[in-house]
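The values are calculated or read from the model by the stated rules, or taken from the named source; none is laboratory data. Computed from a prediction, not measured in an experiment: that's the story for all the values here. All Cβ positions, glycine included, derive from the backbone under ideal geometry; neighbour counts span all protein chains shown. Please note that ligands, DNA and RNA were not included when accessible areas were found on the heavy atoms of the full protein model with its side chains. Shrake-Rupley method; radii C 1.70, N 1.55, O 1.52, S 1.80 Å.
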Amino acid sequence: MDKKIIIANWKSNKNTAQAEEFIRLFSENINRLNLDNKQIILAPSYSLLYTCKTLIDKYNLPVSLCAQDVSSFPEGAYTGAVNAKQIKEFADYTIIGHSERRDYFSESDDVLFKKVNEAKDNDLKIIYCIQNENQKIPSGVAMVAFEPPTAIGTNNPDDPKHIEEVFSQVSKSYSGKILYGGSIKADNVRNYIHIASCSGLLVGGASLEADSFIDLIKEW
Ligand code: PGA
């Protein structure tokens, strides 16, 4: 059976000391978790990738690293951009198309598809976010995360029935893994376990503290 995927999206949070503390606590409590059937992916800010990789290696944690975004350009004169080749030094995955990128940074499908090409060219596995069943999904992504904007950071997760409907619509044209994200926490995750078509979760707020993230993993 495929492992269930749980992605911790830290967004624009944490300094180095806080990231170190999280990983230390996580490693101390990992024995409480049965990770045989789960895959944990951690998506910190770019500035924390080096520290997280160093500690994951040091503690030998079964955790993969993920960037939260990637440049739509290759390496070169693109001030401020972090390109896919640079990310690949630390991480195997990248998120593309999160609704916060689409909304606050005006990222269009055109830009997102360029990012997908850059990621693919550099062997980064792509977690491609969609906000509804009508959004285009580029070919070659590793997984799709359905995240309705009304559910992100609102404590108002989507209704499991609606999620199933969206997943079944998406599955008509996309045959890969589909995840759900939006206000998932330890105390509501059990409502989502029965969705057979759900390959995993993209978690924001509840992934910021090691304790709440561990509780969530235990419940899923
Ligand atoms: P949330 O964020 O769990 O805080 O709702 C999810 C996400 O945006 O990835």
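The table that follows gives values for the structure above.
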read-out	value
Student exercise, the chain dipole from Lys, Arg, Asp, Glu Cβ charges, in Debye to nearest 20	320 debye
Vicinal HN-Hα couplings computed from phi for region 197-208 (Karplus, 6.51 cos²θ - 1.76 cosθ + 1.60; Hz; Gly/Pro x)	7, 8, 7, x, 9, 10, 10, x, x, 6, 9, 7
Carbon + sulfur, % of accessible area of the chain - ligands and nucleic acids excluded, 1.4 Å	46 percent
Region 4-219 - Rg and Dmax from Cα coordinates, angstrom	16.4, 48
Interchain or long-range residues, amide H under 5 Å from Ala81's placed H	none
Note, ³J(HN,Hα) from phi for region 31-40, Karplus 6.51, -1.76, 1.60, rounded to Hz, x at Gly and Pro	5, 6, 10, 9, 9, 4, 10, 9, 10, 9
Residues listed by number, region 187-220, amide nitrogen under 18 Å from Ser168 label point at 7 Å toward C-beta	192-199
Using θ = phi - 60° and Karplus 6.51 cos²θ - 1.76 cosθ + 1.60, couplings along region 122-135 (whole Hz; Gly, Pro as x)	10, 6, 8, 7, 9, 9, 9, 8, 10, 9, 7, 6, 8, 6
Mean separation of Cα contacts under 8 Å (6+ apart) over length of the chain, as relative contact order %	20 percent
Other-chain or far-sequence residues with amide H under 5 Å of Gly200's (modelled H)	Ile5, Tyr180
222 nm mean residue ellipticity, helices alone, for the chain (DSSP H n ≥ 4; -39,500 (n - 2.57); rounded to 500)	-10000 deg cm²/dmol
